[in-house]
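To keep things clear, I will list the structure first and then write my remarks on it.
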């Protein structure tokens with residue numbers, strides 16, 4: 001399986017540096033930047049520590065059977081007046097804000113870029129050419145502790161575009 005995440009970092013390079021640091025307990029195989037550039041942190045044959053305590057369809061410890069792809073994205077944003085900020089206090093223009101109104105109160109999320117989503121499709125298709133991938137899941141699908149990649153990620157459209165992955 002492939003598990004999709006958002007970085008919740010300032011940019012792709014800072015996320016990659018954190019994920020590759022020796023003193024951290026998290027890692028991933030790829031980071032896809034907002035411009036569509038790919039940073040590979042680990043070979044696909046090496047276990048990454050991205051799924052945490054996780055389960056899906058009776059399987060547990062999903063780090064053992066998954067590839068982790070991080071998308072450069074700040075995640076959930078906080079509104080202050082008419083401005084939007086990440087948890088690390090970076091301001092984002094309204095054009096980069098996705099409003100989720102599925103609950104009682106709206107929440108605000110950093111949008112994904114077209115370049116990023118196109119690269120993700122290409123990368124997943126390439127991976128599926130060489131590996132027996134059965135599922136492409138969101139981190140939030142495998143644990144109730146996480147929200148990523150969040151409601152701004154167009155998951156159903158993404159799966160439809162791939163057209164061969166069981167949700």
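Listed values, structure above:
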| read-out | value |
| --- | --- |
| Residue within the range 100-118 that is in a helix (DSSP H, G or I), at pLDDT below 95 and surrounded by 14 or more Cβ atoms within 10 Å (Cβ to Cβ) present | no |
| The one condition in (1) closer than 20 Å to residue 141 by Cβ; (2) within 16 Å of the chain's Cα centre (by Cα) that residue 61 fails to fulfil | (2) |
| Scope the range 119-132; condition modelled with pLDDT under 95 and surrounded by 16 or more Cβ atoms within 10 Å (Cβ to Cβ); matching residues | 128 |
| Test: residue in the range 23-40 that is closer than 29 Å to residue 105 by Cα and in a loop (DSSP other than H, G, I, E, B) | yes |
| Filter result (in a loop (DSSP other than H, G, I, E, B) and under 15 Å from the mean Cα position of the chain (by Cα)) within the range 5-22 | 7, 8, 9, 10, 11 |
| Among (1) in a helix (DSSP H, G or I); (2) in contact (Cβ under 8 Å) with a residue 40 or more places away in the chain - the single one residue 126 does not satisfy | (2) |
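The values are calculated or read from the model by the stated rules, or taken from the named source; none is laboratory data. All values reported here derive from a predicted model rather than from experimental measurement. Every residue, glycine among them, receives a Cβ derived from its backbone with ideal geometry; neighbour counts consider all protein chains shown.
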